[in-house]
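Following: one structure in structure tokens, then a few remarks.
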Amino acid sequence: MRDNYNWYVLYTKTNTEARVISDFTEAFKKRKLDFSVELFCPETEIYYRKSKGGNGSTYKKRPLFPNYVFIETDMPEKDFSKEFSDFIYKSNDIIRLLKYGTGRISIEPEERMRFEYLFKGKRCLDRSVGIIEGDVITVTAGPLMGCEGLISHINRHNRTATINVEMFGGVIEAKVALEIIDKR
């Protein structure tokens, strides 16, 4: 975790994340600000079975939080609001900039640390592997290891788990890859 960096989160219209990233990056460059910026949409691996007649299966990357674009920058909140509130308001693709009830617009450090722990230094939540004993799941490998409390539902057929992640004082559900290799 880079200490003096903030994460801001834009909530966007469906399937516009790539365009928002492109437009925001361009707007940032045009302003020639003395700050760094990186925009990203966290991803996860999801299991896909090949269609009829196809052999095997594969894992593909998908957005972890569809409709959300994350902005990592060393720009302080006050400067970010001043520079980009008009851009966000006028964008046809951005619904809003997420914020807390207190008005704070950057993700709290504790929430950010949880995300960075799950991502393991990447922008993708890799698949996890686990076993079920009775009603208890134990994740034996992958980013969910030690985070079993986040899991609210398991779909063994699709090899996914639904996790509940806290962000901006609320809870967001996300589907992540979890392969159960044994049930006892």
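Using the scaling law 2.2 N^0.38 Å as the reference, what is the normalised Cα Rg of segment 98-184? Taking the Cα Rg and dividing by 2.2 N^0.38 Å, one obtains 1.19. Each Cα pair under 8 Å and six or more residues apart adds its sequence gap; the mean of these over the residue count of the chain is a relative contact order of 24 percent.
Normalised per residue, the accessible area of the chain is 57 Å², obtained with a 1.4 Å probe and no contribution from ligands, DNA or RNA. Ligands, DNA and RNA left out, the accessible area of the chain computed with a 1.4 Å probe is 48% carbon and sulfur.
Placing R0 at 25 angstrom, the Cβ-Cβ distance between N155 and C124 gives a FRET efficiency of 0.80 after rounding to 0.05. The helix-only estimate of mean residue ellipticity at 222 nm for the chain, built from DSSP H runs of length n ≥ 4 each weighted as -39500 (n - 2.57), is -7000 deg cm²/dmol after division by the residue total.
A Förster distance of 30 Å, applied to the separation of the beta-carbon atoms of R62 and K90, puts the FRET efficiency at 0.55. Sequence-distant contacts, meaning Cα pairs under 8 Å at least 6 residues apart, place the relative contact order of segment 107-184 at 30 percent. With contacts taken as Cα pairs under 8 Å at a separation of at least 6 residues, segment 5-110 carries a relative contact order of 43 percent. Answer rounded, prolate or oblate for segment 94-133, using the Cα gyration tensor with square roots of eigenvalues a ≥ b ≥ c: rounded when a/c is under 1.5, else prolate when a/b is larger than b/c, else oblate. Prolate, because a/c is 1.5 or more and a/b exceeds b/c. At full extension, R104 and R184 could sit 24.2 nm farther apart than now, given 0.36 nm per residue minus the alpha carbon distance.
Taking amide H as placed 1.01 Å from N in the peptide plane, T44 has its amide H under 5 Å from the amide H of R62, L64, L125, each at least 5 places away in sequence or on another chain.
The values are calculated or read from the model by the stated rules, or taken from the named source; none is laboratory data. What you see is a predicted model; the values in this text were computed from it and never measured. Every residue, glycine among them, receives a Cβ derived from its backbone with ideal geometry; neighbour counts consider all protein chains shown. Remember, those area values only see protein heavy atoms, side chains included, never the ligands or the DNA or RNA. Shrake-Rupley method; radii C 1.70, N 1.55, O 1.52, S 1.80 Å.
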